[in-house]
Amino acid sequence: MKKKVLALILCGILVVSGLTACGGKEEPAASVPASEEPAEAGSTAKEEEGNASSQGVTLTFMASQDWVYDAEMELGQKFEQETGIKIDYQIIPSDQYYTVLMTKLNSGEGPDIFGGQSGTYDIVSQYNVEKNAVDLSNESWVGVYDEFAKQQTSTGGVLYGATYFDTTTDFYMVYNKKIFEEYNLQIPANYQEYLQVCQTLLDNEVMPFFECMGDGWHHVMWFCEIGGKFEELVPGIVDKLNNNEIKFADVPEFKTCLEQMKEMADKGYFGDNYLSDEYADMPAALGSGEFAMTMAKPGTISEIAAASNGAYTEDDFGMFLIPTLDNDVLNVHPCGPTRFIYSGSQHIEEAKQYLEFMASQESVQYMIDNEPKVENLPYNVGQTPAYSEYTQNFLASCEKSGTVFQDSIKYLNPQWFEFGQDMIAMLIGDMDADQVLQAVDQRRETQAVAAGDAAWN
């Protein structure tokens, strides 16, 4: 069973179909070959003419904070050197991004490329990709694009997006082994044991958990990431919610999860500044030893070790599952930040060149080698993933897995930040758990009715 879980997480990623050999950096691989058929006469001349006409073009690429890593911007510079096409990365604060993006799309002034979270439901209800995005179904890289990612960026049999995020692992609890050993702490097997661990740490003047609500998104994962556990506790809950047969406010387990979050905050386990702390400060916070735990992707461990100035190595950190509701189900998250080409762009062909360039073996490997958070990408181009032995063993140790709620529940992911704001209101006493869930239901109904969802009409 354990092997099946690991295979599910890494399916289509670790298995290379022989399209490209591993390594191979001696030969340039700036793009995935579109076909092995002989080129038509004159095609080279046409390509040269096209490249010449693209000289001096600047593509605007709008994305939310933390969606475009420095390594991708470095590749953007190389793309400009090779093609003459410049990429203008426009990074918007996370809590403002959706509003800014939709204002531009609705006014007909969208960026050439825009970022958005993937998800079969969300790309239609949130971004209206059938109107706002370009059909990418016939692009050269589609043949090497991971099938799970393809499903979540398509609708009506048409592919609209290219996910460029490590979807092969997700956010888990990361803890400092040295601190745990110092205070004789074990990995908690349930929520009550987790509280005991946190209290022991706090009693010894170690902040238990680095939570960062300043960006508006990280804390929502305490609820949404344990979708598999919700489904186990309330069989059929995903289908019932998607068919409007039950409301969030009707599910006691949802209320309990939120109340456990408030309990952690009230007991001081998140520290004094969790409302303003930001995700970018996480490596330094854990690397300093001031905090013992956080919620992060496995690749973040190398950043934490680097920020410790030699105090810790990567081997000094481990992982366990999110403990709310005594969770023992590995969270699987096939969705992530995705690139769409705006249908109103004046530079659609140049934008397609950029997506092709980023899907090449050379670019994918560069991202893996130069961005700690990226251990792999959903393109099977002969890359060598950067999974640590510890990560592989951790995934293999999990006997059960389940999809996160933001990927499986309709009309939930589009209200992520509103949900997060309500959670904060609950933590500071302005709302209770029932009111938070009722607000989620109200927003879902508004979105569903606007989308013409028959289950709500």
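Of the conditions (1) within 18 Å of Glu349 (Cα to Cα); (2) at pLDDT below 95, Ala133 fails just one. Which one is it?
Evaluating Ala133 over (1) within 18 Å of Glu349 (Cα to Cα); (2) at pLDDT below 95 leaves (2) as the failure.
Within region 267-281, work out how many residues are among the hydrophobic types (A, V, I, L, M, F, W, C) and either outside any helix (DSSP H, G or I) or in contact with a helix residue (DSSP H, G or I) (Cβ under 7 Å, 6 or more places away or on another chain) (or both).
In the first step, residues of region 267-281 are kept if they are among the hydrophobic types (A, V, I, L, M, F, W, C); the result is 270, 275, 280.
Checking which are either outside any helix (DSSP H, G or I) or in contact with a helix residue (DSSP H, G or I) (Cβ under 7 Å, 6 or more places away or on another chain) (or both) leaves us with 270, 275.
The total comes to 2.
Give the residue that is most open to solvent (accessible area, probe 1.4 Å), with candidates limited to residues of region 180-191 that are farther than 20 Å from Leu325 by Cα and in contact with a helix residue (DSSP H, G or I) (Cβ under 7 Å, 6 or more places away or on another chain).
Top of the filtered list is Tyr183.
Output the residue which, of all residues in region 355-385 that are out of contact with any Phe, Trp or Tyr (no Cβ under 9 Å at 6 or more places or on another chain) and closer than 19 Å to Phe79 by Cα, is surrounded by the most Cβ atoms within 10 Å (Cβ to Cβ).
My answer is Gln365.
For region 60-92, give me each residue that is open to solvent by less than 70 Å² (accessible area, probe 1.4 Å), over 21 Å from Glu371 (Cβ atoms) and of a type outside the set (Val, Ile, Thr).
Within region 60-92, just Gly84 meets the criteria.
Working only within region 306-319, note down all residues that are aromatic (Phe, Trp, Tyr) and open to solvent by 10 Å² or more (accessible area, probe 1.4 Å). Give the derivation first.
Looking only at region 306-319, we keep the residues that are aromatic (Phe, Trp, Tyr), and these are 312, 317.
Of everything in region 306-319, just one residue is aromatic (Phe, Trp, Tyr) and open to solvent by 10 Å² or more (accessible area, probe 1.4 Å), namely Tyr312.
Only one of (1) closer than 30 Å to Glu399 by Cα; (2) not aromatic (Phe, Trp, Tyr); (3) not in a helix (DSSP H, G or I) fails for His219. Which number is that?
Here His219 clears every test but (3).
Condition test on Tyr194, is it more than 19 Å from the chain's Cα centre (by Cα), within 22 Å of His333 (Cβ to Cβ), surrounded by 14 or more Cβ atoms within 10 Å (Cβ to Cβ) and modelled with pLDDT of 95 or more?
When the stated conditions are applied, Tyr194 passes them.
When region 235-246 is examined, which residues are found to be open to solvent by less than 30 Å² (accessible area, probe 1.4 Å) and free of Cβ contacts under 8 Å to residues at least 40 places away in the same chain?
Gly236, Ile237
Among the residues of region 338-351, is there at least one that is surrounded by fewer than 19 Cβ atoms within 10 Å (Cβ to Cβ), under 22 Å from Leu59 (Cβ atoms) and among the charged types (D, E, K, R)?
yes
If you check Gly227, Gly116, Gly216, which single one turns out to be small (Gly, Ala, Ser), within 21 Å of Gln260 (Cα to Cα), open to solvent by less than 10 Å² (accessible area, probe 1.4 Å) and out of contact with any Cys (no Cβ under 7 Å at 6 or more places or on another chain)? Give the derivation first.
Values: Gly116 fails: within 21 Å of Gln260 (Cα to Cα); Gly216 fails: open to solvent by less than 10 Å² (accessible area, probe 1.4 Å).
Gly227 is the lone residue from the list that is small (Gly, Ala, Ser), within 21 Å of Gln260 (Cα to Cα), open to solvent by less than 10 Å² (accessible area, probe 1.4 Å) and out of contact with any Cys (no Cβ under 7 Å at 6 or more places or on another chain).
The values are calculated or read from the model by the stated rules, or taken from the named source; none is laboratory data. The model shown is predicted, which means the values in this text are computed figures rather than measured ones. As a convention, Cβ positions derive from the backbone with ideal geometry for all residues, glycine included, and neighbour counts pool all protein chains shown. Remember, those area values only see protein heavy atoms, side chains included, never the ligands or the DNA or RNA. Shrake-Rupley method; radii C 1.70, N 1.55, O 1.52, S 1.80 Å.
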